[in-house]
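The values are calculated or read from the model by the stated rules, or taken from the named source; none is laboratory data. Remember, predicted model here, so these are calculated numbers, not experimental data. Because the Cβ atoms are built from the backbone with ideal geometry, glycine has one as well, and the counts that use them run over all protein chains shown.
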Amino acid sequence: MNYSEAKVIQAFQLYTKLARDGFSTIEDVKMYKSDDDIRSLLDHFSREVACIIVVTSEKMYLVPQTKFSPFHVSNEWIKRNYLSTKATNADLYLLYFSSLVLFGCFYDSYQTKEATLTFLTMEKWLDEVSERMHYLRTYDVETLKKLEQEFSYNWLSIMEKWEDMNDIKETAKRQAGRTISRLSFLQQTKRFLIDQDLIKDIGNEEVELTEKAKTIVQRYFMDIEYNKGIIEFLYSFEGGNEHASD
């Protein structure tokens with residue numbers, strides 16, 4: 001397609017803003033939605049850096065689509081900024097796992113597009129992670145190793161890290177097997193998700209999904225092409241209950 005010089009400059013200015021800040025204003029959203037040329041150019045620019053444009057009602061985001069994107073957040077950066085100085089890959093796997101569980105709590109099933117839960121308490125999130133761990137423990141070691149290759153998730157390391165947190169401090173034990181150390185880890189994960197504008201802290205130890213998170217979940221987490229079946233695997237407990245939190 002042939003674009004006017006003015007359109008190319010406008011689109012590049014918008015791309016520059018997204019590349020610098022990660023998001024744009026509602027005025028930019030209106031322009032993106034109403035101008036076919038701007039939208040086409042901006043989508044093309046984003047594909048060149050392995051990113052997608054995520055649009056909500058009020059903001060637009062430049063989101064890395066693969067680890068090869070120059071805007072991709074590296075594992076080492078996450079460890080350095082959100083985990084302890086002695087964090088290992090197991091801590092990182094657990095952060096990803098806990099994030100997936102959090103998103104799952106907000107939806108009735110992974111065949112629906114709309115979140116049905118308004119907010120999530122830290123206590124409920126903790127219980128849900130523990131429940132998914134219980135599900136993983138129903139598999140034998142050899143099966144889990146095969147599943148690690150299939151999903152590129154180190155399930156054994158995730159389970160071991162969660163179990164290790166259980167006995168770090170005898171005085172930290174709480175009812176139902178919960179510990180302060182586990183809750184502390186979820187607080188670290190929560191801070192990461194807030195900084196990525198995926199959840200909001202609404203007080204009283206409660207969080208809610210942002211419009212950015214809902215859009216990403218609808219477009220990618222619900223699509224088996226992108227999630228590689230990991231969502232169905234995590235929530236197929238006891239024969240595949242329909243509710244994501246069951």
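Here are some residues: K86, K67, K79. Which one is of a type in the set (D, E, K, R), part of a loop (DSSP other than H, G, I, E, B) and within 30 Å of H134 (Cβ to Cβ)? After applying the criteria, what remains is K86. Of everything listed in (1) acidic (D, E); (2) at pLDDT below 90; (3) buried (at least 17 other Cβ atoms within 10 Å of the Cβ), the single unmet condition for D108 is (3). Scanning the stretch 141-155 turns up at least one residue that is more than 26 Å from A87 (Cα to Cα) and hydroxyl-bearing (S, T, Y).
Being small (G, A, S) and surrounded by fewer than 14 Cβ atoms within 10 Å (Cβ to Cβ): is that true of S84 here? Walk me through how you get there before you give the answer.
Values: small (G, A, S): yes; surrounded by fewer than 14 Cβ atoms within 10 Å (Cβ to Cβ): yes.
In short, yes.
In summary, K67 fulfils each of the numbered conditions (1) closer than 24 Å to R219 by Cβ; (2) modelled with pLDDT under 90; (3) surrounded by 15 or more Cβ atoms within 10 Å (Cβ to Cβ) with the single exception of condition (3).
The condition of being aromatic (F, W, Y), in the same structural domain as S181 (by TED's automatic domain parsing) and over 23 Å from F192 (Cα atoms) does not hold for Y153. Suppose the filter is assigned by TED's automatic domain parsing to the domain that holds K200, at pLDDT below 90 and surrounded by 18 or more Cβ atoms within 10 Å (Cβ to Cβ); does W125 pass it? Spelling it out, it is not the case that W125 is assigned by TED's automatic domain parsing to the domain that holds K200, at pLDDT below 90 and surrounded by 18 or more Cβ atoms within 10 Å (Cβ to Cβ).
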